[in-house]
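The values are calculated or read from the model by the stated rules, or taken from the named source; none is laboratory data. Nothing here was measured: the structure is a model prediction, and the numbers come from that model. When we count neighbours, we look across all protein chains shown, and the Cβ atoms used for this are built from the backbone with ideal geometry, even at glycine.
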């Protein structure tokens, strides 16, 4: 009886440990699954950064003056213009 209790506790402990390890997996923090559909004014954007390579879509996250993060397609001309404008302002 005592052996079965110890075995049951070991199995329960292994199950809890595996769920903790799986939930703390290291992965990308910011990924975009949808892009913002409209053009934005370049004067409303203070910075930008690219998403991680492990994300399913390559994207640019534009950070507005109010610190909102907006996903955009980096291949669009207006997004490229915003990125260039932000780069020019930072130098």
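For region 41-71, a residue qualifies if it is out of contact with any strand residue (DSSP E or B) (no Cβ under 7 Å at 6 or more places or on another chain), surrounded by 15 or more Cβ atoms within 10 Å (Cβ to Cβ) and either under 17 Å from residue 87 (Cα atoms) or in contact (Cβ under 8 Å) with a residue 60 or more places away in the chain (or both), and exactly one does: 42. Among the residues of region 27-39, the ones that are out of contact with any helix residue (DSSP H, G or I) (no Cβ under 7 Å at 6 or more places or on another chain) and surrounded by 13 or more Cβ atoms within 10 Å (Cβ to Cβ) come to 5 in all.
Scan region 42-49 and give yes if some residue there is assigned to a loop (DSSP other than H, G, I, E, B), at pLDDT 75 or above and closer than 30 Å to residue 89 by Cα, otherwise no. No, every residue in region 42-49 fails to be assigned to a loop (DSSP other than H, G, I, E, B), at pLDDT 75 or above and closer than 30 Å to residue 89 by Cα.
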